Each structure stands twice: as structure tokens, then as C-alpha cells.
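Step one of this worksheet: look at the structure below.
The values are calculated or read from the model by the stated rules, or taken from the named source; none is laboratory data. All of these numbers come straight from a predicted model, not from anything done at the bench. Ideal geometry is used to build each Cβ from the backbone, glycine not excepted, and the neighbour counts take in all protein chains shown.
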């Protein structure tokens with residue numbers, strides 16, 4: 001017999017977790033819904049822009065909703081397009097950038113009830129487009 005869930009049905013309206021003013025970021029921590037998955041929404045129209053090099057103490061699954069991105073995950077570089085899924089294992093440095101042309105929109109699934117992130121590249125040169133993160137990790 002299936003195990004009964006301990007969570008209750010719930011709805012979180014967009015204005016409670018998405019930044020509707022910019023349509024570029026959203027954060028919904030799983031602990032608010034009593035679950036072990038946190039959602040991060042990231043979107044940008046700027047080619048070359050994306051999250052800085054960082055790690056999480058849990059796995060992360062990236063889903064590309066629109067556009068194209070270049071991912072650096074550890075020593076691997078992968079390009080992904082709308083509909084593609086990329087796996088970011090726990091404690092492996094990673095980042096991604098909008099390849100363009102146009103908008104990049106992703107929904108990132110963090111396998112944790114809260115968002116925990118350690119940025120590694122505090123001096124990252126955001127004016128450079130599509131730099132390999134490999135050169136930033138010692």
C-alpha cells in the first residue's frame with residue numbers, strides 16, 4: 001500500500017514567490033510547503049549574464065524553459081536549450097550563462113527544503129561574456 005504523504009495540498013500564488021516587477025527571479029523554499037524541494041526561477045535578457053560560480057551541499061536540477069545556456073559544472077561545459085535538463089551534483093562548483101540570442105528562463109530545482117549557496121567567485125568579471133568557470137577554480 002502506498003505511504004500517505006505528510007504534506008497538505010497547497011497553492012502559492014505567483015506574487016508570493018516570483019519577482020513580478022522584473023520577471024527575472026523567484027524563490028520558493030520547500031520548508032514553507034513542508035517538502036524537501038526548493039524552486040529558484042532565474043531569467044535574463046542579457047547575453048553572457050548568469051549566476052556566479054557557486055556550490056550547494058545538495059543536488060540541483062536545472063530546467064531550461066526558454067532560450068539557451070552554457071553550463072560549467074565542475075570540469076564539464078555543456079550547452080542546453082529550452083526543454084533540456086542539466087544535473088548539478090552536490091558540492092561541485094557550477095554556473096551558467098545566457099548564450100542568446102534573446103531571453104534565458106530557467107527553473108532550478110534544489111533538492112533541499114531551503115536554499116543554501118556558497119559563492120566562489122566574489123571577484124567574477126561580469127563584463128566578460130561566456131568565460132569558462134574552469135579558470136576561476138583552483
Inset, instruction - Could you check residue 67 against (1) surrounded by 16 or more Cβ atoms within 10 Å (Cβ to Cβ); (2) closer than 22 Å to residue 116 by Cβ; (3) more than 13 Å from the chain's Cα centre (by Cα) and say which number it fails? - result: (2)
Legend entry - residue 134 vs. criteria at pLDDT below 95, more than 26 Å from residue 11 (Cα to Cα) and either under 12 Å from the mean Cα position of the chain (by Cα) or not in a loop (DSSP other than H, G, I, E, B) (or both): yes
Inset, instruction - Pairs only if they're at least six apart or on different chains, beta carbon under 6 angstrom, first in the range 62-80 and over 20 Å from residue 90 (Cβ atoms), second modelled with pLDDT under 95 and in a strand (DSSP E or B); list them, first residue then second. - result: none
Legend entry - Scan of the range 85-95 for residues that are surrounded by 15 or more Cβ atoms within 10 Å (Cβ to Cβ) and over 17 Å from residue 48 (Cα atoms), ordered by number: 86, 88, 92, 93
Legend entry - Leading residue by the ranking (nearest to residue 104 (Cα to Cα)) among those in the range 18-31 that are without any contact (Cβ under 8 Å) to a residue 40 or more places away in the chain and out of contact with any helix residue (DSSP H, G or I) (no Cβ under 9 Å at 6 or more places or on another chain): 24
